[in-house]
Amino acid sequence: MCAGTYLDIEFRRRVIEELVEHEERPIAPSLGVDVVPVLTHALRARKQDAMTALLLLVLWGAFIGVDFGTAPEGTPPIWSALYAVVCFIQWSAHAAAGRGAAVYVVDKRTLREALKGQKAPLRALIPVLPPVVALAYWIFVFYALSEGADNWVAIIFPLALVLPVWLHRARVAAVMRAELSRSAFARVPRAVPDTRHHRRIAQAIDREQYAGLTIYDAFRPFIGMGRPYEPWSFALELKRRDGAEPALAPFTGRTVVELVRPRLEALREAAAATSRDRLKDLEIEEFVYLPVGPQRPRIDYGDSTVLRHLAESVDEGGEARRYFLRVRIGAWDEQVVVSVLVRVHTQGGMLVLEVVPHILTPIKPEFRAVDVIAARGEDDLLRDGVRALLSGPAAGFAAAVSTVRSGISGFRTWLADPRRAVPDGPAGSVREMAGTLSVSLFQEMDISRYVKTVQDRIASGVRDALRSQGFETDQFEQQIVQISEGGVYIGSMSGGAVAAGAGAQAKNSAKSGGS
């Protein structure tokens, strides 16, 4: 993800917008990711773009000035205008193909995917348009030169404009090798921002990203967890078994949680002892959501405060403060993250169970170019120069666009003064921004297996909790059925309510046969 800030301008812009422009928002829970280095490299990448754009601006000024001075009287500077058109067309084609970054991003799937759909002929032109336009420019330039035109300006300055892009690529490649390669990232010190303002933001992120509580906006719940994966819930009337002895302690949400947790821990231990399944790394923790309230610096993330919120919220069943038992499985080298949130409350003679699975999808495949760049080594200057020549027009224009956006972002941040803005909850997650839109079939199979396995342990824990307190479990055992989509179907329940998974339908029935 740190490499992605150099390879994808849009991803970098969104990271800075969420973390810097909206400093009033606490960060969303960070599952398996340290956000501070991502922000640090996003700021460094923006700074490098600004330096490249400044050099390009100087060269473009010289290009236009010399072109204007050498042009026949009354004739506009044709060559600089023509090359500017080439740069714009190349950048537009890259942006339309989803490659709006300044350097390195090359999506080899674009042409194949472009051939699909109703507008295939138009899309197929997008990946081949940049080299065709550049080639046409150079053919025209050398043709004019062969006809006796004095157009040395059209050759020297476009080549000179490649130099800042080449230097930019060299600096980025150096960062990839020295800091972001697989071997270097583990041993180099953690990257932190340089400026005092950004270090303050990084310190706030460190307080929040792994805390046991998070702030949320009522219209944006579960930010940071990924996309929902067939959430479900049910409500069951608590009826005591005939002849059951009175319980020694009240039946509360904490009672259920304390019986569910050991079953999940046993699942983890069994997986670790018998296989290499990712269930062996299953993480279990208690988590509480708090509604937007005080200003961000005034929120207390201390251990004593978190423990107090957890203890108070587990049994209250409130609308604002919400307790969850969070079960997390990081699969496929943390590329696929499954989080199952469990909430239980037992008010009014009812047992209400809410299970909300979420999925974080894999990191965008183009970000993996960091491994290729780091492996090339420092002896790849000639090839990199050729790559800079081919990508220079689009890369230079993208650097300029990035710098303009950065200036607008800085002015907007200064004008809004986010430190004194109205408190707000997270609106985006850095990990979610870096994710793909889909998963592979193998990953989908693993996700389904993990969710079903965890849900089975949750159901067994709830069943044992009911038994231990002398409540009837017949209806619970008969009505919960695991279905192929990974949800839970619940038939008839006396006095109960029903909620099923996405796309499923169910209704209460007074008959014992279910619905």
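The values are calculated or read from the model by the stated rules, or taken from the named source; none is laboratory data. The structure displayed is predicted, hence computed values, not measured ones. Don't worry about glycine lacking a Cβ; one is built from the backbone with ideal geometry, like all the others, and counts go over all protein chains shown.
Quick notes on this one:
- Within the range 430-440, the only residue that satisfies the criterion of being of a type in the set (A, V, I, L, M, F, W, C), surrounded by 21 or more Cβ atoms within 10 Å (Cβ to Cβ) and not in a loop (DSSP other than H, G, I, E, B) is V430.
- One residue from A93, A71, A50, A84 being at pLDDT 50 or above and closer than 26 Å to R376 by Cα: A50
- Scanning the range 347-367 for residues that are surrounded by fewer than 22 Cβ atoms within 10 Å (Cβ to Cβ), at negative phi and more than 15 Å from the chain's Cα centre (by Cα) gives Q347, M350, V352, E354, V356.
- Taking every residue in the range 255-270 that is more than 18 Å from F287 (Cβ to Cβ) and in contact (Cβ under 8 Å) with a residue 24 or more places away in the chain and pairing it with any residue that is crowded, with 17+ Cβ neighbours inside 10 Å and of a type in the set (A, V, I, L, M, F, W, C), at least 6 positions away or on another chain, the pairs with Cβ-Cβ distances below 9 Å are T255/V344; T255/A465; L259/V462; L259/A465; R263/I458; L267/L279; L267/L282; L267/V454.
- Which listed residue is among the hydroxyl-bearing types (S, T, Y), at pLDDT 80 or above, in the same structural domain as P29 (by TED's automatic domain parsing) and under 30 Å from V132 (Cβ atoms), from T403, T413: T403
- Any chance P127 is at pLDDT below 85 and in contact with a helix residue (DSSP H, G or I) (Cβ under 9 Å, 6 or more places away or on another chain): yes
- Flag if E73 is of a type in the set (D, E) and free of Cβ contacts under 8 Å to residues at least 40 places away in the same chain: yes
- Residue within the range 441-456 that is surrounded by fewer than 17 Cβ atoms within 10 Å (Cβ to Cβ) and closer than 19 Å to A42 by Cβ present: no
- So E265, is it surrounded by fewer than 16 Cβ atoms within 10 Å (Cβ to Cβ), part of a loop (DSSP other than H, G, I, E, B) and of a type outside the set (G, A, S): no
- Meets criteria (surrounded by fewer than 17 Cβ atoms within 10 Å (Cβ to Cβ), at pLDDT 90 or above and assigned to a loop (DSSP other than H, G, I, E, B)) for D300: yes
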